[in-house]
Structure formats: C-alpha cells, structure tokens
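These notes concern the structure reproduced below.
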Amino acid sequence: MIRLCFHGAESTGKSVLAGQLGLPWVPEYGRTYCEEHGTDLTMADLLAIAEGQDAANRAAAASRAPLLLFDTDQLMTAAWAEMLFGQVPEVLLAYPKADLYLLFDPDVPWVDDGTRFFGTPETRARFAALAEDMLLRAQVPFRRISGSWNDREAQVRAVIAELLEQAV
C-alpha cells in the first residue's frame, strides 16, 4: 500500500481535492475536532487531534487499497504546534510517516471557512514555511503542488498515476 499525504497551509485545496479524486482517503480529523470543540486550541487539543488522526489513518490502512490518501497527518499538526505555541512535542514527529507528501503552495486565494486562522499574507507565508520545515525536519520525500486549481488537480493526478504505475 502506498500512503500519500497532502500537506501545507490552510486554504490551499487539500481537502477539496482529496474528496474529488475518487480514491480511498482519510479526512482531516482536526477540522472535525475544531467544529465540535471550537478553535481556541491548546497543546492538549493538538495532541488529541494527532491521536484522532492516527486512529483514522490506521483504520483506513486496514482496507489494503493500493493507494491511500491522507488529507493530513501529524507533521501538519506539528506545524500547527510550532505556529501556535512556538514548540513541537517530539511525539508529533514520532508517528508513522507517509511514503510521499504533496506540499501545497499558498498561491491560491485564502478563504475563511470558520475554522481557519492564518489569512493575512504574512501569517499565511509563515505557516506555509513551517509546514515545509516539518517535512524537512522529518526527512520525508515530498513534491510541491502549485498553480491554479486545475493545475493542482492535474499535478496530483499525475503523481498518483506515477505511484500506481510504480506499484505494479
């Protein structure tokens, strides 16, 4: 099973695209958590989000699909921890990693959906940089996704086709 994870700042199309690809995918647990508990997050909330995401990712992996898409994982939670609290608990870096990460650039308009935080150009750029830093820090393979919504979809579909071809 190939595990592909979408990664990057808010409002870059990760969740919308994940739902449009027609693949088995694991939604972002943090969104559900914030919708239920609010967005006044503590570090304990981030650790609970990480645990919830891990449980969802593991449950989906039991399907044994050839390719499983994660809308996010704990490396993104680590970026949130750094952005909100200036520190990253080591436990967030210790979770299982995906085989490949797609880093979505923040080069599309930011949309406030009620659970998003970092809409100014400065905070969005900082959060995007922290997201990339977590991938570098974890030393995981990643590819950058950018451009228009159509460009993003085409790039992601090409990566998926390549991964599935390699798995045969």
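The values are calculated or read from the model by the stated rules, or taken from the named source; none is laboratory data. Note that this is a predicted model, so its numbers are computed, not measured. Backbone-built Cβ (ideal geometry, glycine too); neighbour counts: all protein chains shown.
Just a few scattered comments:
- In region 60-74 there is at least one residue that is assigned to a helix (DSSP H, G or I), touching a Pro at 6+ places or on another chain (Cβ under 7 Å), surrounded by 15 or more Cβ atoms within 10 Å (Cβ to Cβ) and not charged (D, E, K, R).
- The set of residues in region 83-105 that are at pLDDT 95 or above, within 16 Å of residue 9 (Cβ to Cβ) and surrounded by fewer than 24 Cβ atoms within 10 Å (Cβ to Cβ) comprises 102, 103.
- Count of residues meeting criterion [surrounded by fewer than 16 Cβ atoms within 10 Å (Cβ to Cβ), among the β-branched types (Val, Ile, Thr) and assigned to a loop (DSSP other than H, G, I, E, B)] in region 1-54: 2
- Contact annotation: residue pairs with Cβ atoms under 6 Å, 6 or more positions apart or on different chains, pairing a residue in region 74-92 that is under 19 Å from residue 53 (Cα atoms) with a partner that is of a type in the set (Gly, Ala, Ser) and in a helix (DSSP H, G or I), are 74/50; 75/138; 77/50; 79/131; 88/78; 88/81; 92/50; 92/78.
- Annotation: of all residues in region 113-145 being outside any helix (DSSP H, G or I) and out of contact with any Leu (no Cβ under 9 Å at 6 or more places or on another chain), the one that is modelled with the highest pLDDT is 139.
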